[in-house]
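This report refers to the structure that appears directly beneath it.
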Amino acid sequence: MSLPAKKTIEIDENITHFVYKMLSHESILKYDESKCVECGFCHRVCPVTISIYDEPLKRTAIGTPEEMRIESDKKIVVDTEKCIWCGSCTWICPGYTLELLINGENKILLVENGSLAEFDEEVRTLENGHKVRKVVHGSIKFNCTEKDTKVIDAFTKECAVDAMSREGKDIAVDIDKCILCFKCSDASKNYDNISVEIHRDKFMKVKGNPSSVWNGIMLRVLGKEGKIKGIMSRSQNKLADSVMRLLGRESSEEEET
Ligand code: SF4
Ligand code: SF4
């Protein structure tokens, strides 16, 4: 039997609340756009797969309006028809931009029940006072044949965490500051003479023994540029189903009234 549920979106200036209300509880995915560094981690970690018939699959339940094919002036949007309010995106968000509130309390059930691991993180404060954390290790390499230093300067500004700078006609990166986010590699598609290679090797030191969904979620996070490993076929929603079971919920709850 399906339980009555209601999904709404409430916007208050920079804050968007994606609300999932049931008889017994209310979950709110809270997004603070003013802190968002557009790193794309939320898009990659989300266990939900959205089927698209005529294009390569790489959509989840959260992402930029372009990734989500949703018209919006917000940096990030959520498909409330598909979101299961699991909190995976809030757990990984390097900018502390997303929060999951369950009955008003800030909590992530998947961490509480041991399904998602806690991990070490390196936190620093940006010039604007916002905090950002590095959650994965890896490497980044630039290939720059651009001669115009103004173009190189413009490219280095694409990084929202001030990790890139120009050294002569080269691009330098401070690997301690770089959060390996693919924002610059996506931006490089608009620069003829600049390309970027990013590899995420592993998560920062993981604590405990997480459940099997961890592997599926990690595959997505560590997937190569432009591709989210784990989204392989149009029918693949097994990861989201496993997450639902770990949350003690069934997909029938998702029916809206
Ligand atoms: S709460 Fe879970 S399902 Fe919803 S957007 Fe975040 S990661 Fe995806
Ligand atoms: S240098 Fe690139 S990968 Fe590193 S934080 Fe900046 S935009 Fe992200």
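At a glance:
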| item | result |
| --- | --- |
| Label-point separation in nm, Glu66 to Lys150, each point 7 Å along Cα→Cβ | 2.3 |
| DSSP-assigned coil residues among GluC sites (Glu not before Pro) in the stretch 27-110, each with at most 14 further Cβ atoms within 10 Å | Glu71, Glu81 |
| Trypsin sites (Lys or Arg not before Pro) within the stretch 141-205, DSSP loop, no more than 14 other Cβ atoms inside 10 Å | Lys147, Lys157, Lys169, Lys205 |
| All-pairs Cα distance distribution in the stretch 137-202, expressed in whole percent, bin size 10 Å | 22, 60, 17, 1 |
| Hz values of 3J(HN,Hα) by residue in the stretch 132-143 - Karplus curve (6.51, -1.76, 1.60), Gly and Pro given as x | 9, 10, 9, 10, 10, 9, x, 9, 9, 9, 9, 10 |
| Per residue Cα convex hull volume in Å³ - calculated over the chain | 139 |
| Shape of the stretch 4-93, Cα gyration tensor, a/c cut at 1.5 | oblate |
| Out-of-range pairs (alpha-carbon distance over 26 Å; input Lys131/Lys157; Lys141/Lys238; Lys202/Lys238) | Lys141/Lys238 |
| Isolated Cys in the chain, by beta carbon distance under 4.7 Å | Cys36, Cys46, Cys83, Cys86, Cys93, Cys144, Cys159, Cys178, Cys184 |
| Cβ-Cβ FRET estimate between Leu219 and Tyr96, R0 fixed at 35 Å, reported to 0.05 | 0.90 |
| Estimated 222 nm signal from helices in the chain, with DSSP H stretches of n ≥ 4 weighted -39500 (n - 2.57), rounded to 500 | -4500 deg cm²/dmol |
| If the convex hull is drawn through the Cα atoms of the stretch 80-138, its volume per residue in Å³ | 132 |
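Values in this text are rule-based calculations from the coordinates and carry no lab data. In this text the structure is predicted, and so the values were computed from the model without any measurement. We place every Cβ from the backbone using ideal geometry, glycine too, and count neighbours over all the protein chains shown.
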